[in-house]
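Report on the structure given below.
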Amino acid sequence: MGKHRFRVADSDMHVMEPPDLWQRYIDPAWKHVAPVGLTELRRDMRVKVKSHVVLRLGPARPVAAKPGAVWSTDQDRAYAAAEARGWDAASQIAAMDAEGLELAVLFPSRGLFVLGLDSPQVMGVDGLEPDFAAVIARAYNDWLADFCRHDPKRLFGAGMVAPHDVESAVAETRRCVEQLGFKAIFLAPGCVNRRPWHDRYYDPLWAECERLGIPITFHGGGQTWLKPDFSLEVLDKLMMWHSFGQPLGVMFVATCLTAGGVFERFPKLRAGLLEGNCAWAPWLFYRLDEHWEWVGRHEVPELRRKPSEYFRSNCFLAVEADEAPVRQYVEWFGDDNLVFSTDYPHADSKYPKSVESFLELPLSDDSRRKVLWDNWSRLYAIAG
């Protein structure tokens, strides 16, 4: 059972990809325009794609460059060994051991933003052509597969798919699962071509995920060029826009999937809404249910259940390590669809004391066991 009295699996542990990942792994035909990671800041998560730095730090960038402005001195010490090893797979396992994690599903850092450009039809010549977006995703997935081979019994991949073209997204999803052994796919909450996630254009992708038995997961982050911008664009400080961006992104996705009828059409589809807190859910679904009762029979007559009922049966949310309002979430929804994340190795992680922080939350031992292990196993269909 490791260093804790509970078995612990991480629903959303991050890798820190090398800045030259795409230069090394991309299809040779595209190497001349391969994305490149920037290394100007400590633990830099920015990546340049065509003419854009896709993770836009805006006015927050000079602040982030100051020592101690984003990462604490405690984190400098905690991450020093992994940085010295170049964030390789051996350092990932060492970090899991230090935190007390048995298993982890891995998500990117730079890769959270690399597809953060719209298509040329919307953005103009500097947007991402669908075939270019697809090869960017494929290159990341090939690199991640090599990374996970270091310890395939503990490291599991979440595949990157580009929503710029749904047919290629379906093909890459199939390859990720059947050839690379990944356990999920992930998407950014922001839309390509301003097409929301309940648009039937995406139905082939949801159908393929349902057929393969894997979840779709959504994970936001910093400001990108996709629309809508959940950091609200006008906020100029990290403290403000980061507070809005990730919760609003997964709230938008949750609304699309439940009230938009995706789970009605694909009742066995599972969705993980990650790194966006959980405490907003009681209010949002109270309001969605209220509006379903008010105008739902006219606007979405295909919905046979309240939005909150689809959420309970098909969605999983990640609880932050120190998210004390989780008590109200459990009072409202119970403890069957919460999962745990360390957010290693990002600046808002509590590593190497994320699990310790979580165990201080006002939850019963039965709830802790579910959140740390059982629900993770159901979300990703991985037997303990």
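Please list, in chain and number order, the residues 5+ apart from Val339 or on another chain whose amide H is under 5 Å from its amide H, with Hs placed from the backbone.
It is Leu317, Ala318, Val319, by chain and number.
Quick one: net charge of Gly296's neighbours, Cβ under 13 Å, K/R +1, D/E -1?
Numbers: positive: Arg287, Arg297, Arg304, Arg305, Lys306; negative: Glu264, Asp289, Glu290, Glu293, Glu299, Glu302, Glu309.
Taking every Cβ under 13 Å from that of Gly296, the sum is -2.
Quick one: which of 167-173, 231-237 comes out on top by average Cβ neighbours within 10 Å, and what's the full order, highest first?
By packing density, highest mean first, the sequence is 167-173, 231-237.
Output the Cα-based Rg and Dmax of segment 249-378 in Å, rounding Rg to one decimal and Dmax to a whole number.
Every Cα atom of segment 249-378 included, Rg and Dmax give 15.4, 51 Å.
State the volume of the convex hull built on the alpha-carbon positions of segment 198-277, expressed per residue in Å³ and rounded to an integer.
Cα convex hull per residue, to the nearest whole number: 94 Å³.
Show me, for segment 109-114, the HN-Hα J-couplings you get by feeding each phi into the Karplus relation (A = 6.51, B = -1.76, C = 1.60, θ = phi - 60°), rounded to Hz, glycine and proline as x.
Values, residue by residue: 10, 4, x, 5, 10, 5 Hz.
Straight distance only, please: which lysines reach the Cα of Lys237 with their own Cα at less than 21 Å, same-chain residues fewer than 8 apart left out?
Partners within reach: Lys66, Lys227.
Taking the alpha-carbon centroid of each part, what is the distance from segment 169-224 to segment 253-310 in angstrom?
So the two Cα centres are separated by 18 Å.
Please list the radius of gyration and Dmax for the chain, considering alpha-carbon atoms only, with Å as the unit.
When restricted to the Cα atoms of the chain, Rg and Dmax are 19.7, 59 Å.
Ala104: net charge of surrounding residues, Cβ under 13 Å, Lys/Arg +1, Asp/Glu -1, itself excluded?
Here the charged neighbours net out to -3.
Might you work out the accessible area of Glu275 for me, using a 1.4 Å probe with all protein chains in place, and round it to the nearest 10 Å²?
20
How much length, in nm to one decimal, is gained on full extension between Ala81 and Arg378, taken as 0.36 nm per residue of separation minus their Cα-Cα distance? Could the numbers behind the result be given before it?
Details: separation 297, 0.36 × 297 = 106.92 nm, distance 3.30 nm.
So the chain would gain 103.6 nm between Ala81 and Arg378.
Could you give the semi-axes, largest first, of the ellipsoid that matches segment 64-182, computed as the square roots of 5 times the alpha carbon gyration tensor eigenvalues and rounded to whole Å? Walk me through the numbers on the way to the answer.
On the way: eigenvalues 181, 94, 18 Å².
For segment 64-182, the semi-axes come out at 30, 22, 9 Å.
Near Lys306, within a Cβ-to-Cβ distance under 11 Å, what is the net charge of the other residues, with Lys and Arg +1 and Asp and Glu -1? Each step should come with its number before you reach the end.
On the way: positive: Arg304, Arg305, Arg312; negative: Asp289, Glu290, Glu293, Glu309.
Taking every other residue near Lys306 into account, the sum is -1.
Ranking request for peptides 303-309, 334-340: highest mean number of other beta-carbon atoms within 10 Å first, then the rest in descending order.
334-340, 303-309
Just how much of Asp366 is accessible, in Å², when a 1.4 Å probe is used and the result is rounded to the nearest 10?
Surface open to solvent at Asp366 totals about 70 Å².
Working out 0.36 nm times the residue gap between Thr73 and Arg24, then minus their Cα-Cα distance, what length gain in nm do you get to one decimal?
Answer, rounded to one decimal: 14.4 nm.
So how compact is segment 245-295: Cα radius of gyration and Dmax in angstrom?
11.3, 31
Could you please put Lys268, Lys31, Lys183 in sequence from largest to smallest accessible area, using a 1.4 Å probe?
So, going from the largest accessible area down, we get Lys268, Lys31, Lys183.
Which translational diffusion coefficient, to the nearest whole µm²/s, is obtained for segment 167-213 from the Stokes-Einstein equation, given a Kirkwood hydrodynamic radius over C-alpha pairs, 10 °C and 1.306 mPa s?
D, rounded to a whole number, is 140 µm²/s.
Leaving out ligands and nucleic acids, and using a 1.4 Å probe, what accessible area per residue does segment 138-275 come to in Å²?
Per residue, segment 138-275 has 37 Å² of solvent-accessible surface.
Tell me, what is the percent relative contact order of segment 162-224, built from C-alpha pairs under 8 Å that lie six or more residues apart?
For segment 162-224, the relative contact order is 43 percent.
Hey, could you get me the Stokes-Einstein D for segment 130-186, Kirkwood radius over alpha-carbon pairs, 37 °C and 0.692 mPa s, rounded to whole µm² s⁻¹?
Estimated via Stokes-Einstein, D reaches 295 µm²/s.
At a probe radius of 1.4 Å, what is the per-residue accessible area of Asp131, in Å² to the nearest 10?
Result for Asp131: roughly 90 Å² accessible.
Can you compute the helix-only [θ] at 222 nm over the chain? Use -39500 (n - 2.57) per DSSP H run of at least 4 residues, normalise by all residues, nearest 500 deg cm²/dmol.
Theoretical 222 nm ellipticity from helices: -11000 deg cm²/dmol.
Quick one: what does P(r) look like for segment 180-337 with 10 Å bins over all Cα pairs, in whole %?
Taking every Cα pair in segment 180-337, the percentages come to 10, 38, 38, 13, 1.
The values are calculated or read from the model by the stated rules, or taken from the named source; none is laboratory data. Since this is a predicted model, take the numbers as computed values, not measurements. So basically every Cβ, Gly included, is an ideal-geometry build from the backbone, and we count neighbours across all protein chains shown. What goes into the accessible areas is simple: the full protein's heavy atoms, side chains included, and nothing from ligands, DNA or RNA. Shrake-Rupley method; radii C 1.70, N 1.55, O 1.52, S 1.80 Å.
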